[in-house]
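Take a look at the structure set out below.
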Amino acid sequence: MLETKGGTIMELGKHIQQYRKDLGLSQDDLAQELFISRQTVSNWERGTTYPDIQNLMLLCKIFDIELHQLVQEGDMTELRAISHGADYKRYERHALIMTWGFFLCPLLGFPLLYYWNWIGTSIFLLLAGTTFYYAHQVERFKKKYDLKTIKELVAYDKNKALTKIEQREEKAKAPYQKIILVASFALASALITLLVAGICLFLFP
């Protein structure tokens, strides 16, 4: 949750209050739905603090609305600053390290293990361990914000909320998309490893 500056997002607080009242919810009721304190809801509605991206998404689900109905265009700059705050910047950094790791493991695996014996094995295990650690961190971020598919990640990056139909579609395709991504990565890794092994054995038998 962020502090506001000069009440520039007062309209958001009014919208939260209006949608809450339309559903017949008290501040306590809404707080319970979000697992936060009643004072936090009160601060949002008075415009003294601002809900983070996760709570904004939850509010949209509770109110059964899209993000643009809750956050006006004038507030989108601040919303983007939140969604690309420390949490998202950390995710981007972890995703970059993970990507490089998954590229380097099959590329360097054979020469490290074949030519450098135990030293190469140690380096490879360190590289693989680092890669899977950051892959785990990426998955934790996705789980925290309930982002399972590429489309959901793109929508989050662009500060957009998927419609109910899109959410159902993404939920249905999530298991298959994950299987396809893992299978594609495994196939690409195997091909890279075989190619590198062939080149190494040809040049340095």
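The values are calculated or read from the model by the stated rules, or taken from the named source; none is laboratory data. Remember, predicted model here, so these are calculated numbers, not experimental data. Reconstructed Cβ throughout: ideal geometry from the backbone, glycine too, with neighbour counts over all protein chains shown.
Here is how the numbers come out for the structure above:
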| read-out | value |
| --- | --- |
| Members of the range 70-92 that are at pLDDT 75 or above and either assigned to a loop (DSSP other than H, G, I, E, B) or surrounded by fewer than 19 Cβ atoms within 10 Å (Cβ to Cβ) (or both) | V71, Y88, K89, R90, E92 |
| Matching entry among L113, L127 (being modelled with pLDDT of 95 or more and farther than 29 Å from K61 by Cβ) | L127 |
| Subset of the range 170-205 [of a type in the set (S, T, Y) and in contact with a helix residue (DSSP H, G or I) (Cβ under 7 Å, 6 or more places away or on another chain)] | S189, T193 |
| Single condition L12 does not satisfy, out of (1) modelled with pLDDT of 85 or more; (2) farther than 30 Å from L126 by Cβ; (3) touching a Leu at 6+ places or on another chain (Cβ under 9 Å) | (1) |
| 1 or more residues under 23 Å from E152 (Cβ atoms) and free of Cβ contacts under 8 Å to residues at least 12 places away in the same chain: qualifying helices (runs of 4 or more DSSP H) within the range 9-69 | 53-63 |
